[in-house]
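A.B. asks: What follows is a single structure, and I will ask about it in a moment.
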């Protein structure tokens, strides 16, 4: 079973799940699971992505396409500025105002 599920905060997630037993009951199990998710009775077990994890994924996926020296500068910029401000926050918790404050503080110091 796979479908798109919209969280209450607006985040859209693609959910894939399979029945624990592959029998004729699978269809009924999947239908009940989908109805429970869409009805708000059951939330998928998903931990929100943290800024630090997203930065690591971005840098890792970009590494083959950019020079090592540029990658080093990006890592330093993330570590010194972005992660210092938002590292442990979930991406969905970072507000526009937080980004504006970071930009203003960087403009003042750089």
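For every residue, the table says whether it meets (1) within 19 Å of residue 9 (Cα to Cα); (2) modelled with pLDDT of 90 or more; (3) surrounded by 12 or more Cβ atoms within 10 Å (Cβ to Cβ).
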| position | (1), (2), (3) |
| --- | --- |
| 46 | yes, no, no |
| 49 | yes, no, yes |
| 63 | no, no, yes |
| 81 | no, yes, yes |
| 87 | no, no, yes |
| 92 | yes, no, yes |
| 96 | yes, yes, no |
| 107 | no, yes, no |
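A.B. asks: Of everything in segment 64-109 that's touching a helix residue (DSSP H, G or I) at 6+ places or on another chain (Cβ under 9 Å) and not in a helix (DSSP H, G or I), which residue is nearest to residue 47 (Cα to Cα)?
C.D. replies: Looking at residues that are touching a helix residue (DSSP H, G or I) at 6+ places or on another chain (Cβ under 9 Å) and not in a helix (DSSP H, G or I), I get 90.
A.B. asks: Residue 16: loosely packed, with under 10 Cβ neighbours inside 10 Å, touching a strand residue (DSSP E or B) at 6+ places or on another chain (Cβ under 8 Å), more than 23 Å from residue 89 (Cβ to Cβ) and at pLDDT below 75, yes or no?
C.D. replies: yes
A.B. asks: Take residue 76 and decide whether it is within 24 Å of residue 6 (Cα to Cα) and at pLDDT 90 or above.
C.D. replies: no
The values are calculated or read from the model by the stated rules, or taken from the named source; none is laboratory data. Note that the structure is predicted; figures quoted are calculated from it, not measured. Don't worry about glycine lacking a Cβ; one is built from the backbone with ideal geometry, like all the others, and counts go over all protein chains shown.
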